[in-house]
1. Does Arg207 satisfy the condition of being at pLDDT below 85, closer than 18 Å to Val115 by Cα and of a type in the set (Lys, Arg)?
2. Tally the residues that are in a strand (DSSP E or B) and either among the small types (Gly, Ala, Ser) or at pLDDT below 95 (or both), restricting the search to the stretch 93-105.
3. Do you know which residues across the stretch 37-56 are more than 14 Å from Lys143 (Cβ to Cβ) and at pLDDT 95 or above?
4. Those residues that are surrounded by 18 or more Cβ atoms within 10 Å (Cβ to Cβ) and outside any strand (DSSP E or B), I need them from the stretch 62-92; list them, please.
5. Could you give me the residue pairs with C-beta distances under 7 Å whose first residue belongs to the stretch 15-40 and is at negative phi and surrounded by fewer than 19 Cβ atoms within 10 Å (Cβ to Cβ), whose second residue is at pLDDT below 85 and of a type in the set (Val, Ile, Thr) wherever it lies, and which are 6+ apart or on separate chains?
6. On the basis of being modelled with pLDDT under 95 and not aliphatic (A, V, I, L, M), does Trp26 make the cut?
Amino acid sequence: MTRRLRLAPLPALLLLTGIAPAPGGWAVITVEDLPDYVVVGQPVTLTYSVRQHGQTLLRGLNGRIDATTGRLSATAAATAGKSSGQYTATLTLPQAGAWTFTIHSGFGDSRVTLVPLEAIAAGTRPSRALAETERGRRLFVAKGCETCHRQGGAGPDLAGRPLTVDYVKAFIANPPATPRSGTLRMPNLNLTESEIAALAAFVTTERQALR
């Protein structure tokens with residue numbers, strides 16, 4: 001694990017950086033077990049996977065995670081996880097506040113910037129509890145949904161679509177093996193029931209207004 005503090009400008013993007021052309025194409029980053037918040041002075045480990053074109057898990061990448069708030073930043077190199085295409089990186093944040101995490105996959109310029117996470121002092125509580133739709137919004141970025149369904153164009157744009165909660169839950173839990181024409185097959189990310197519920201709440205409510 002490495003960590004450093006340095007002067008750095010706040011990243012311009014708070015939700016998601018785009019996916020840029022790279023040798024071999026683009027990749028989708030999927031974060032596992034996204035926390036609602038982190039605690040100052042306590043190590044936080046983020047585990048993620050990288051899939052080329054959202055399909056094939058990629059091994060042997062040299063990725064990293066950067067975290068910033070104001071003029072402070074921390075960074076950690078990623079190491080290979082327990083399974084193929086999985087990586088982990090551990091950071092310790094020195095100050096409370098809203099921290100923006102950017103995961104650089106190491107596959108060309110493919111990266112993702114998460115919705116900011118709140119860092120709280122040890123022994124305190126978060127300023128507010130996350131609503132189901134807010135947690136879904138965070139997961140929509142962290143699980144790679146935003147990359148395929150908006151930035152990458154590999155999947156259909158979900159904004160404004162009249163989707164039901166039950167349909168979205170069933171689709172996410174067990175994606176069809178054969179996609180519709182013009183889209184790539186969505187992998188089964190083995191999401192938990194709570195993650196699926198939060199994503200369905202976001203996709204079927206707030207996201208309808210993002211047309």
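The values are calculated or read from the model by the stated rules, or taken from the named source; none is laboratory data. Quantities reported herein were computed from a predicted structural model and do not represent experimental measurements. Quick reminder, even Gly has a Cβ in these numbers, built from the backbone with ideal geometry, and neighbours come from all protein chains shown.
1. On the way: at pLDDT below 85: yes; closer than 18 Å to Val115 by Cα: yes; of a type in the set (Lys, Arg): yes.
It is true that Arg207 is at pLDDT below 85, closer than 18 Å to Val115 by Cα and of a type in the set (Lys, Arg).
2. Taking the stretch 93-105 first, the residues in a strand (DSSP E or B) are 97-104.
Narrowing the set further to residues that are either among the small types (Gly, Ala, Ser) or at pLDDT below 95 (or both) leaves 97-98.
Matching residues across the stretch 93-105 total 2.
3. Tyr37, Val38, Val39, Val40, Gly41, Gln42, Pro43, Val44, Thr45
4. If the condition is that a residue be surrounded by 18 or more Cβ atoms within 10 Å (Cβ to Cβ) and outside any strand (DSSP E or B), then Gly63, Ala78, Gly85 are the ones that fit.
5. The qualifying pairs do not exist here.
6. On the way: modelled with pLDDT under 95: yes; not aliphatic (A, V, I, L, M): yes.
So Trp26 passes the test.
Let's see how each residue does on (1) part of a loop (DSSP other than H, G, I, E, B); (2) modelled with pLDDT under 95:
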position	(1), (2)
Val112	no, no
Leu139	no, no
Thr147	no, yes
Gly160	yes, yes
Leu163	yes, yes
